[in-house]
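The values are calculated or read from the model by the stated rules, or taken from the named source; none is laboratory data. Model, not experiment: these values are computed from the prediction. No Cβ is skipped: glycine too gets one built from the backbone with ideal geometry, and neighbour counts run over all protein chains shown.
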Amino acid sequence: MARVLVGVKRVIDYAVKIRVKPDKKGVVTDGVKHSMNPFDEIAVEEAVRMKEKKIASEIIAVSCGPAQSQEVIRTALAMGVDKGIHVEIPAAEYETLQPIHVSKILAKIAEKEKIDLIIVGKQAIDDDSNQTAQMTAAVLDWPQATFASHIEKGDKELTVKREVDGGMETIKCKIPAVISADLRLNEPRYATLPNIMKAKKKPIAKMTPKDLGVDISPRIEIVSVEDPPVRQPGVILPDVDALVGKLKEGGHI
Amino acid sequence: MIRSFAADGLKRFASIRCFSSTPDFTKNNYNVQRGGYQSLEEDHIKYFQTLLGENRLVMDLSDLEQYNVDWFKHYRGNSKLVLKPKTTEEVSKILSYCNKNKLAVCPQGGNTGVVGGQVPVFDEIIISMALMNQIESVDEHLGVLVCQSGCILENLDNELEKKGFMMPLDLGAKGSCHIGGNVSTNAGGLRLLRYGNMHGNVLGLEAVKANGEIIDLMSSLKKDNTGFHLKHLFIGSEGTLGVVTKVAIQCAVRPKSINLAFLGLQSFPKVLKTFMQAKQDLGEILSAMEVMDSATMDFVKDKLKVESPIGEYPFYLVIETSGSNDEHDADKLHKFLETTLIKHFALNGTVATEPSKVKEMWQIRERIPDSFVKDDYVFLYDVTLPIPDYFTLVDDVRDHLGSKGKVFGFGHLGDGNLHIQVAVDKYTHEIKDFIEDYMYSRVVELKGSISAEHGIGFAKIKYLEKIKDKNALIFMRQMKRLMDPNGILNPYKLIFEQH
């Protein structure tokens, strides 16, 4: 059975209206509702299903970030993950944390915990980088199966269906491997109350990038963050009759 | 025949509304006589064209469909003309003219009413408030919104969000319904439990009487005891005493923290215990308490593939909290939920604190009416019952129906307001009478109300006669005659006399 590592990121909830900070150096996060990155939820769900099918033995969830990142680890634990690791990164340094850093952190943890499978969401909805899975595989020199929409685990190998621009691609790769979860891989469960209560007792280990020997000095500088230009709303109409109807309705013709 | 639905008005509903062809005309389906009103003539049309301009009259047959037929496709009028005023003065001139010329009118908002009060029965001229959609002001100190009555509820809420406020009512039809319609029907909705009803939230309004007189009762003041409180006459009068043109609404501060719990329960007694516990433990942060039975979830799963997030249970509760402090609310909610599990009130549940998850879970409850327009014909009823008897009616009606139909109930448990439905394969007058004669007399026996929030409209007139105090009925008729001697305002609705 495989030991699985799942990466989960705390992001601003997708139903929240994003506002740019007055100093234009970032977006407002104080007092704003956050949640687990939706693709990471799918990754967690896949790992939990593997455990239920007895394909996975233990699942560990990792999150990198300031203290609040523990919230998403708790959510993962409530969904069925066994234990959590919080890699604590102070808020200032978190601003410039990039997939290049996270991938090295995940790689080091994977080595320490003797992980066989790393599953992460294909991208985070705040930065849309879509790099962490790929970079982690490169650091570890492991095969990667990205944009997974279906996973079958054999004894020593994985068969993964990938959703790519050209269509559906099916690949086989050896284990250990890195997988990134795409939208149609599964539908994540709601954590039920008994599990939420149980999760409070599950352990979350704390460590720093230094403990893992990973240098997280910034490799980018945020110059400015601005609102996109305001778009005038357009309406797509099915046919000319609808167009005429709409014009009449608005009192234009 | 091409059906041109107002795309913005009906949003997601438009694609679902295809379960059956247009109903037959109401005048053919029901035993109603047309009143002695004038019929529309060239001179009348010329007057309206001069007043509003050609663009704001609708006379094309295919365009008229969406105004003549209600959302649930139970009623169909035969109006030949829709007028679309933009100002109170235009409404006043229209009514004054119609009153002088004995032309009957049907005021219409978003056309989302459930009892046929908003569509014509014969050829009443429809006055659509759709173009009276201007927001005048939002007072940031008082949280008072002043706007024309044709504003769509959801649009108002979106505007208020920018200033940190929210509308004090919320209903499934919010993407289409007008605030004027909400006021005229004294709409209830999901959050009445917390924010009260329209009588409390309407600080002032402006309405036009049948003879065109404008009654200005606009006020943004919380306290104003100067004379009879006339605005309350218009609230809930369903367009029969006047046309509401402007409103001043007391809005609520938009809560920073909204949480939702979805529970699965074994029996109704357990539902009640959970409800009582919630009132104690959640107290001031409780903002909604909705219940569904398993028959409802089965029906919704069958028609829309929407499922319970926690598996199947005999009863479900959706409990919402709204407050100003995340930690405080989450703490209270989690303690309450632990209590319900430990005391074995609830068998299972889940909780959401993130806006996206809260929205997802609310959808499960809010989409229930979408399932009604799918295949079967669904009779829908809206009653208030003493809370301990909330599901008694559902059980009794189910026994009464036997295999003739599927009965299911859900609704605003917190207000004792039950939405009870009977789904049948095909509509017949016989089955309708079979259901309603029993249902309404049982509601009366249980000491409830035959119409909690939907109103009387066209659908429930004959039952109003049966259940209301005789003197009250006389008094209502006197009021109607006083305010509308020619009976032109929304005839055949609520409390009507043949003219």
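Taking B:Ile249 as meeting all but one of (1) closer than 27 Å to A:Asp13 by Cβ; (2) in the same structural domain as B:Arg194 (by TED's automatic domain parsing), write down the number of the exception.
Going through (1) closer than 27 Å to A:Asp13 by Cβ; (2) in the same structural domain as B:Arg194 (by TED's automatic domain parsing) one by one, B:Ile249 breaks only (1).
From the list B:Val32, B:Val91, which one is part of a helix (DSSP H, G or I) and either more than 23 Å from the chain's Cα centre (by Cα) or farther than 17 Å from B:Ile127 by Cβ (or both)?
The unique qualifying residue is B:Val91.
Restricting to the stretch A:199-218, and then to whatever is touching a residue at least 12 places away in the same chain (Cβ under 8 Å) and within 14 Å of chain B (Cβ to nearest Cβ), can you tell me which residue is surrounded by the fewest Cβ atoms within 10 Å (Cβ to Cβ)?
The qualifying residue surrounded by the fewest Cβ atoms within 10 Å (Cβ to Cβ) is A:Lys200.
Quick one: in the stretch A:26-81, of everything that is closer than 22 Å to A:Asp128 by Cβ and polar (S, T, N, Q), which residue is surrounded by the most Cβ atoms within 10 Å (Cβ to Cβ)?
A:Ser63
Looking for something in contact (Cβ under 8 Å) with a residue 60 or more places away in the chain and touching a Cys at 6+ places or on another chain (Cβ under 8 Å) - is there at least one such residue anywhere in the stretch B:222-233?
For the stretch B:222-233, residues in contact (Cβ under 8 Å) with a residue 60 or more places away in the chain and touching a Cys at 6+ places or on another chain (Cβ under 8 Å): absent.
Look at B:Leu347 and say whether it is more than 30 Å from B:Val424 (Cβ to Cβ) and part of a helix (DSSP H, G or I).
It is false that B:Leu347 is more than 30 Å from B:Val424 (Cβ to Cβ) and part of a helix (DSSP H, G or I).
Consider B:Val91 carefully, then state whether it is out of contact with any Cys (no Cβ under 6 Å at 6 or more places or on another chain) and farther than 15 Å from B:Ala210 by Cα.
When the stated conditions are applied, B:Val91 does not pass them.
Do you know which residues across the stretch B:76-88 are more than 30 Å from B:Phe372 (Cα to Cα) and either part of a loop (DSSP other than H, G, I, E, B) or within 14 Å of chain A (Cβ to nearest Cβ) (or both)?
B:Leu83, B:Lys84, B:Pro85, B:Lys86, B:Thr87
Can you name the number of the only condition in (1) under 29 Å from B:Ser371 (Cα atoms); (2) out of contact with any Ser or Thr (no Cβ under 6 Å at 6 or more places or on another chain); (3) surrounded by fewer than 18 Cβ atoms within 10 Å (Cβ to Cβ) that B:Ser449 fails?
(2)
Can you name every residue in the stretch B:325-338 that is surrounded by fewer than 20 Cβ atoms within 10 Å (Cβ to Cβ) and within 11 Å of chain A (Cβ to nearest Cβ)?
Once the filter is applied, which keeps residues that are surrounded by fewer than 20 Cβ atoms within 10 Å (Cβ to Cβ) and within 11 Å of chain A (Cβ to nearest Cβ), the stretch B:325-338 yields B:Asn325, B:Asp326, B:Ala330, B:His334, B:Glu338.
Scan the stretch A:15-60 residue by residue and report those that are in contact with a Ser or Thr (Cβ under 8 Å, 6 or more places away or on another chain), assigned to a loop (DSSP other than H, G, I, E, B) and more than 14 Å from chain B (Cβ to nearest Cβ).
Scanning the stretch A:15-60 gives A:Lys24, A:Lys25.
Here is a yes/no grid of residues against (1) within 14 Å of chain B (Cβ to nearest Cβ); (2) more than 21 Å from the chain's Cα centre (by Cα):
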site	(1), (2)
A:Thr136	no, no
A:Lys161	no, no
A:Lys172	no, yes
A:Gly234	yes, yes
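In the list B:Gly349, B:Gly405, B:Gly411, which residue meets the criterion of being crowded, with 20+ Cβ neighbours inside 10 Å, of a type in the set (Gly, Ala, Ser) and within 14 Å of another protein chain (Cβ to nearest Cβ)?
On inspection, the qualifying residue turns out to be B:Gly349.
Among the aliphatic types (A, V, I, L, M) and without any contact (Cβ under 8 Å) to a residue 40 or more places away in the chain: does that describe A:Ala92?
The answer is yes for A:Ala92.
Please specify each residue of the stretch A:118-171 satisfying the condition of being β-branched (Val, Ile, Thr), surrounded by 13 or more Cβ atoms within 10 Å (Cβ to Cβ) and over 30 Å from A:Glu95 (Cβ atoms).
Answer for the stretch A:118-171, where residues must be β-branched (Val, Ile, Thr), surrounded by 13 or more Cβ atoms within 10 Å (Cβ to Cβ) and over 30 Å from A:Glu95 (Cβ atoms): A:Ile151, A:Thr159, A:Val160, A:Ile171.
Looking only at the stretch A:176-193, which residues are within 14 Å of chain B (Cβ to nearest Cβ) and surrounded by 14 or more Cβ atoms within 10 Å (Cβ to Cβ)?
A:Pro188, A:Arg189, A:Tyr190, A:Ala191, A:Thr192, A:Leu193 - these are the residues of the stretch A:176-193 that are within 14 Å of chain B (Cβ to nearest Cβ) and surrounded by 14 or more Cβ atoms within 10 Å (Cβ to Cβ).
Name every residue in the stretch A:142-172 that is without any contact (Cβ under 8 Å) to a residue 60 or more places away in the chain, β-branched (Val, Ile, Thr) and closer than 16 Å to A:Ala2 by Cβ, in order of residue number.
Listed by number, the residues that qualify are A:Thr159, A:Val160.
For A:Pro209, all conditions in the list (1) in a loop (DSSP other than H, G, I, E, B); (2) over 23 Å from A:Met135 (Cα atoms); (3) within 21 Å of the chain's Cα centre (by Cα); (4) not β-branched (Val, Ile, Thr) hold save one; what is the number of the exception?
(2)
Report yes if some residue within the stretch B:59-75 is away from every other protein chain (no Cβ under 14 Å), assigned to a helix (DSSP H, G or I) and either among the small types (Gly, Ala, Ser) or under 20 Å from B:Leu489 (Cβ atoms) (or both); otherwise report no.
yes
Search the stretch B:467-485 for residues that are over 24 Å from B:Ala452 (Cα atoms) and pair each with any residue that is of a type in the set (A, V, I, L, M) when their beta-carbon atoms are under 7 Å apart and the residues are at least 6 apart or on different chains.
From the stretch B:467-485, the pairs are B:Met483/B:Ala210; B:Met483/B:Leu241; B:Asp484/B:Ala210; B:Asp484/B:Leu241.
Return yes or no: is B:Val138 surrounded by 24 or more Cβ atoms within 10 Å (Cβ to Cβ) and of a type outside the set (S, T, N, Q)?
no
Working carefully through the options B:Ser441, B:Ser403, B:Ser371, B:Ser356, find the one that is part of a helix (DSSP H, G or I), without any contact (Cβ under 8 Å) to a residue 24 or more places away in the chain and touching a Phe, Trp or Tyr at 6+ places or on another chain (Cβ under 9 Å).
Exactly one residue qualifies, and that residue is B:Ser356.
Check off (1) more than 14 Å from every other protein chain (Cβ to nearest Cβ); (2) buried (at least 20 other Cβ atoms within 10 Å of the Cβ); (3) of a type in the set (S, T, N, Q); (4) not in a strand (DSSP E or B) for B:Ser287 and give me the number that stays unchecked.
For B:Ser287, the exception is condition (4).
Matching residues to (1) in contact with a Lys or Arg (Cβ under 6 Å, 6 or more places away or on another chain); (2) closer than 19 Å to A:Ile220 by Cβ; (3) among the charged types (D, E, K, R); (4) modelled with pLDDT of 95 or more:
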position	(1), (2), (3), (4)
A:Ile100	no, yes, no, yes
A:Leu117	no, no, no, yes
A:Ser129	no, yes, no, yes
A:Asp141	no, no, yes, yes
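Can you find even one residue in the stretch B:114-124 that is out of contact with any Gly (no Cβ under 9 Å at 6 or more places or on another chain), among the aliphatic types (A, V, I, L, M) and in the same structural domain as B:Asn31 (by TED's automatic domain parsing)?
Checked the stretch B:114-124: no residue is out of contact with any Gly (no Cβ under 9 Å at 6 or more places or on another chain), among the aliphatic types (A, V, I, L, M) and in the same structural domain as B:Asn31 (by TED's automatic domain parsing).
Quick grid of which residues meet (1) β-branched (Val, Ile, Thr); (2) surrounded by 22 or more Cβ atoms within 10 Å (Cβ to Cβ):
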residue: B:Leu260; (1), (2): no, yes
residue: B:Ser267; (1), (2): no, no
residue: B:Gly283; (1), (2): no, no
residue: B:Thr296; (1), (2): yes, yes
residue: B:Leu317; (1), (2): no, yes
residue: B:Thr321; (1), (2): yes, yes
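Considering (1) in contact with a helix residue (DSSP H, G or I) (Cβ under 6 Å, 6 or more places away or on another chain); (2) within 22 Å of A:Thr192 (Cα to Cα); (3) of a type in the set (S, T, N, Q), say which one A:Ser69 fails and leave the rest.
Going through (1) in contact with a helix residue (DSSP H, G or I) (Cβ under 6 Å, 6 or more places away or on another chain); (2) within 22 Å of A:Thr192 (Cα to Cα); (3) of a type in the set (S, T, N, Q) one by one, A:Ser69 breaks only (1).
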